[in-house]
Ligand SMILES: Nc1ncnc2c1ncn2[C@@H]1O[C@H](COP(=O)(O)OP(=O)(O)O)[C@@H](O)[C@H]1O
Ligand SMILES: [Mg+2]
């Protein structure tokens with residue numbers, strides 16, 4: 001890997017966001033509206049104090065954390081789509097750039113996006129609803145890192161599909177991640193799922209993160225095991241997905257698809 | 001004679017059952033403009049895409065600078081570049097920003113100076129700070145040419161570089177390419193289905209038809225061999241024979 005090539009792609013995206021208001025809005029608009037709606041739902045539910053309140057205080061945090069995963073995924077997929085939209089893919093892949101360097105750059109870009117959106121949401125939650133995400137404490141750091149990686153896994157998967165099936169698969173960039181939401185147990189504990197779905201959910205790193213988060217908030221122990229599972233699953237999945245991306249890349253070169261996407 | 005810049009042997013590309021390139025062999029010599037001429041669908045673009053490593057050949061060998069493309073992709077691509085009508089550049093960036101990104105991508109040193117040179121050479125001063133989205137098609141063509149020569153390639157691939165230009169711009173572009181070749185000493189591999197353009201530009205020509213080379217040589221040699229007055233007549237003769 002060559003750093004200057006990764007830096008070149010990052011620069012390209014920074015130029016893009018520097019100038020494009022719609023793109024910047026896209027990062028903040030939806031998460032912010034989500035936050036407002038859930039904030040009011042939370043205020044409403046707070047009226048029924050007692051047993052609910054534990055779950056209720058979790059909502060806004062869960063929302064912010066889910067958005068981290070979503071933005072991490074988008075950071076990868078949208079970066080690839082930007083190259084399709086501007087008919088730039090061939091400029092990149094007929095240069096010395098390697099697919100792994102391309103992925104590394106999109107990952108870096110996704111970290112920028114996640115950082116931007118997190119800051120806004122954390123501040124907004126605090127200002128409007130006096131909600132402080134940091135009640136989760138130091139656990140937040142490993143949780144967030146794992147959510148970012150979980151987002152990358154879905155992002156690399158979606159990107160491979162778009163590369164292979166072309167712009168018709170573009171909707172996956174926004175839709176794919178929601179396929180995983182029910183089994184990520186973002187807003188409810190895993191035990192509400194039917195047994196067979198629970199079994200599947202345990203293979204989803206995000207489910208471990210959100211379960212772990214609930215453990216911390218309910219003060220029912222230290223979520224070390226969940227963290228270990230999430231990390232291990234993430235490492236395995238990300239490795240597999242990067243391998244799959246490279247495989248799809250070579251399939252696309254074989255079939256001459258790489259240079260035809262977007263035509 | 002100097003060693004060839006690029007050497008292609010028995011190159012084949014099949015898409016499913018369809019053979020787009022069918023056992024093509026040729027070489028590009030140092031400093032020459034080699035024209036690849038053929039009707040639509042002959043396989044010109046596919047050949048260029050294979051030489052740029054974005055389409056994998058079904059069979060055959062591609063060597064550039066004495067290295068095998070399949071094994072030395074990075075080193076080879078560092079020394080070549082391309083332009084064509086079917087690519088563009090990020091619309092939301094200015095011309096200058098786009099060139100800066102390309103400079104970084106190829107790890108150029110002294111990028112601002114290189115950009116100044118190229119902008120001057122291609123007479124791009126007046127739209128250098130314009131958004132790429134707002135360029136006319138002639139300006140966009142100049143930008144993609146600029147990105148191609150910015151990296152000072154030893155071998156430049158051009159796929160129908162003048163196809164979207166009006167006659168005046170096309171003429172200017174051709175003079176420019178000849179000038180670039182002269183001043184930088186690069187080899188150019190050029191496709192077109194425009195015979196006049198080929199006659200004007202190329203030192204040597206490869207005639208491609210349905211994925212096969214049907215004639216190869218200098219314009220004079222080819223026209224003489226086929227007993228015709230110009231390339232167009234040769235082309236028609238060959239096309240009708242088959
Ligand atoms: N990715 C692809 N899949 C299937 N067929 C292709 C693909 N790319 C090119 N072809 C076919 O190969 C032939 C040669 O195409 P091309 O190289 O673009 O020709 P030219 O550039 O000479 O007009 C055409 O018939 C085209 O339809
Ligand atoms: Mg073509």
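Evaluate region B:93-113: report whether one residue or more is within 13 Å of ligand 1 (Cβ to nearest atom) and facing chain A (nearest Cβ under 9 Å). No; the residues of region B:93-113 include none that is within 13 Å of ligand 1 (Cβ to nearest atom) and facing chain A (nearest Cβ under 9 Å).
Of all residues in region B:20-48, those satisfying the criterion of being within 12 Å of ligand 1 (Cβ to nearest atom) and in contact with a helix residue (DSSP H, G or I) (Cβ under 6 Å, 6 or more places away or on another chain) are B:20, B:21, B:36, B:37, B:38. Counting the residues of region B:48-63 that are closer than 14 Å to residue B:83 by Cα and assigned to a helix (DSSP H, G or I) gives 3. Scanning region B:155-184 for residues that are within 14 Å of chain A (Cβ to nearest Cβ) and away from ligand 2 (no atom under 16 Å from the Cβ) yields B:155, B:156.
When the residues of region B:64-82 are narrowed to those that are in a loop (DSSP other than H, G, I, E, B) and within 10 Å of another protein chain (Cβ to nearest Cβ), which ends up farthest from ligand 2 (Cβ to nearest atom)? Applying the filter and picking the extreme gives B:78.
So for region B:62-78 (the condition being within 16 Å of ligand 1 (Cβ to nearest atom) and under 18 Å from residue B:155 (Cα atoms)), does at least one residue qualify? Yes; the residues of region B:62-78 include at least one that is within 16 Å of ligand 1 (Cβ to nearest atom) and under 18 Å from residue B:155 (Cα atoms). Modelled with pLDDT under 95 and either over 23 Å from residue A:106 (Cβ atoms) or part of a helix (DSSP H, G or I) (or both): does that describe residue A:248? Against the criterion (modelled with pLDDT under 95 and either over 23 Å from residue A:106 (Cβ atoms) or part of a helix (DSSP H, G or I) (or both)), residue A:248 does not qualify. Considering region B:1-19, the residues that are within 11 Å of ligand 1 (Cβ to nearest atom) and surrounded by fewer than 21 Cβ atoms within 10 Å (Cβ to Cβ) include one that is nearest to the other protein chains (Cβ to nearest Cβ), namely B:15. Listed here are the helices (runs of 4 or more DSSP H) enclosed by region A:1-120 that have at least 2 residues being under 13 Å from the mean Cα position of the chain (by Cα) and either in contact (Cβ under 8 Å) with a residue 60 or more places away in the chain or more than 14 Å from chain B (Cβ to nearest Cβ) (or both): A:21-46, A:53-85.
Checking region B:24-42 against the condition returns no match, with no residue being assigned to a strand (DSSP E or B), more than 15 Å from ligand 2 (Cβ to nearest atom) and within 14 Å of chain A (Cβ to nearest Cβ). Could you give me the residue pairs with C-beta distances under 7 Å whose first residue belongs to region B:1-19 and is free of Cβ contacts under 8 Å to residues at least 12 places away in the same chain, whose second residue is buried (at least 18 other Cβ atoms within 10 Å of the Cβ) wherever it lies, and which are 6+ apart or on separate chains? Sorted first by the residue in region B:1-19, then by its partner, the pairs are B:15/A:256.
Between B:238, B:188, B:213, the distinction of being within 16 Å of ligand 1 (Cβ to nearest atom), surrounded by 14 or more Cβ atoms within 10 Å (Cβ to Cβ), at pLDDT 90 or above and away from chain A (no Cβ under 14 Å) belongs to B:213 only.
Every condition in (1) surrounded by fewer than 21 Cβ atoms within 10 Å (Cβ to Cβ); (2) more than 16 Å from ligand 2 (Cβ to nearest atom) holds for residue B:85 except the one numbered (2).
The values are calculated or read from the model by the stated rules, or taken from the named source; none is laboratory data. Predicted model, so just to flag it, every value in this text is computed and none were measured. Cβ: placed from backbone, ideal geometry, glycine included. Neighbour counts: every protein chain shown.
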